[in-house]
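Chemist: The structure is given below, and queries will be raised subsequently.
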Amino acid sequence: MSATLDDSSTADAVWEALPITGQVQTWGDEIYFPIPVEAAEAPDAQATVDKGAVAYWPPGNALCLFWGPTPMSRGDEIRPASAVNVLGAIDGDPTVLGRVRNGTEIVVERE
């Protein structure tokens, strides 16, 4: 799958760190994995995100991909464990991520 990154310092830091290989962890309709990027919580960090959001979670130095509710969500909202720096959006249908299992290796690279 592919994603489009925003113009932000966090997106730039992730872009510069690519390629990244990691082990996926799942949390509701979210996958996340640690990446070799350290970034502070952005002033516009979000407590809820849109379906298909690509985000950076500062407390875990993790890249997060969202396609639906998490254990923290109320109703249909998509709520990360804590505020995230949204840095882009998945191109296409993000619900295909529901097939990814805990521990699966993921490779994120430039296209």
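Please treat every number below as a calculation from the coordinates, not as lab data. Given the structure is predicted, the values throughout are model-derived calculations rather than measurements. Counting neighbours? That spans all protein chains shown, and the Cβs are built from the backbone with ideal geometry, glycine included.
Chemist: Looking at (1) buried (at least 18 other Cβ atoms within 10 Å of the Cβ); (2) of a type in the set (Val, Ile, Thr); (3) outside any loop (DSSP other than H, G, I, E, B), find the lone condition where Thr70 falls short.
Modeler: Just one mismatch for Thr70, condition (3).
Chemist: For a quick check of your reading of the model, give me the residue pairs whose first member lies in the range 36-52 and is within 23 Å of Arg74 (Cα to Cα), whose second is of a type in the set (Lys, Arg) and crowded, with 16+ Cβ neighbours inside 10 Å, with beta-carbon atoms closer than 6 Å and at least 6 apart or on different chains.
Modeler: From the range 36-52, the pairs are Thr48/Arg79.
Chemist: Enumerate the pairs (first residue in the range 85-98 and in contact (Cβ under 8 Å) with a residue 60 or more places away in the chain; second residue anywhere and loosely packed, with under 12 Cβ neighbours inside 10 Å and small (Gly, Ala, Ser)) with beta-carbon separation below 6 Å, excluding pairs fewer than 6 apart on the same chain, so at least 6 apart or on different chains.
Modeler: Cβ pairs passing all conditions: Asp91/Ser2.
Chemist: Now for a separate question. Against the condition among the hydroxyl-bearing types (Ser, Thr, Tyr), part of a helix (DSSP H, G or I) and touching a residue at least 60 places away in the same chain (Cβ under 8 Å), how does Thr21 come out, does it pass?
Modeler: For Thr21, the condition - among the hydroxyl-bearing types (Ser, Thr, Tyr), part of a helix (DSSP H, G or I) and touching a residue at least 60 places away in the same chain (Cβ under 8 Å) - is not met.
Chemist: Of these, Asp44, Asp29, which one is acidic (Asp, Glu) and touching a Pro at 6+ places or on another chain (Cβ under 9 Å)?
Modeler: So the residue among Asp44, Asp29 that is acidic (Asp, Glu) and touching a Pro at 6+ places or on another chain (Cβ under 9 Å) is Asp29.
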